Amino acid sequence: MHGPASSGWLLVALCAATGAYCLLRMRSRVEEQRRAAGGEALMGFGMAAMAVPAAAFTPPAWAWPAGAAVFGAAGLQALWAARAGACHLHHLIGAGAMVHMAVTMAASRTGGHGHAGNGADIPLLTGSLLLYFVAYVLVTGARLVPVAGTPGGGRDVGWGDRPELARACRLAMAIAMVAMLPTM
């Protein structure tokens, strides 16, 4: 990621902490929540790795294509899971954004101008992803406050199964994505 080192390290901390918390959420009793938390942990740690300032560490040339492959596989898994419900589309879009950023970083490393392809469609793709994540941040932020009428009222629901905590993880990663996409 290109940009100031201090904001890069803050993004690393935010994404790594979110990834670590999502790993803890994988202890949920609900299989669907465990699966979603695993994908979100992968996303958090991947975003943390991408956000490390270039001045601190320059990854080897194979790291960006490997990241694109890992997130491409995560996107295929999200696409398969999206058959069951639209809630998985956010994971699909997030994985696609990670593939886009990895491909862009690989192209900039091989002497490109920071954009893969012919340069005409990538800024449009980056802008579209940025608009999606800004809208997601606004909508999810508004829904983050727990409702008093939630089933169980939060009393008999395990901490790993609380929907507002899962939303907070997704919100933190969406905010990080909003910070990372303009640097592409």
- [ ] State, to one decimal in nm, how far the label point of Val70 lies from the label point of Ala5, with both points 7 Å from Cα in the Cβ direction.
- [x] 2.4
Task: Sites matching trypsin sites (Lys or Arg not before Pro) across region 1-100 that sit in DSSP coil, with at most 13 neighbouring C-beta atoms within 10 Å - done: Arg27, Arg29, Arg83
Open item on the list: Using the Cα centre of region 1-91 as the reference point, and only Cβ charges (+1 on K/R, -1 on D/E), how large is the resulting charge dipole? Debye, rounded to the nearest 20.
Closed with: 240
TODO: Pull out the extension gain between Ala16 and Arg35, defined as 0.36 nm times the separation in residues minus the alpha carbon to alpha carbon distance; nm, one decimal.
DONE: 5.0 nm
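Here, each number is a calculation from the coordinates, and none is a lab measurement. Everything numeric in this text was worked out from a predicted model, so none of it was measured. Reconstructed Cβ throughout: ideal geometry from the backbone, glycine too, with neighbour counts over all protein chains shown.
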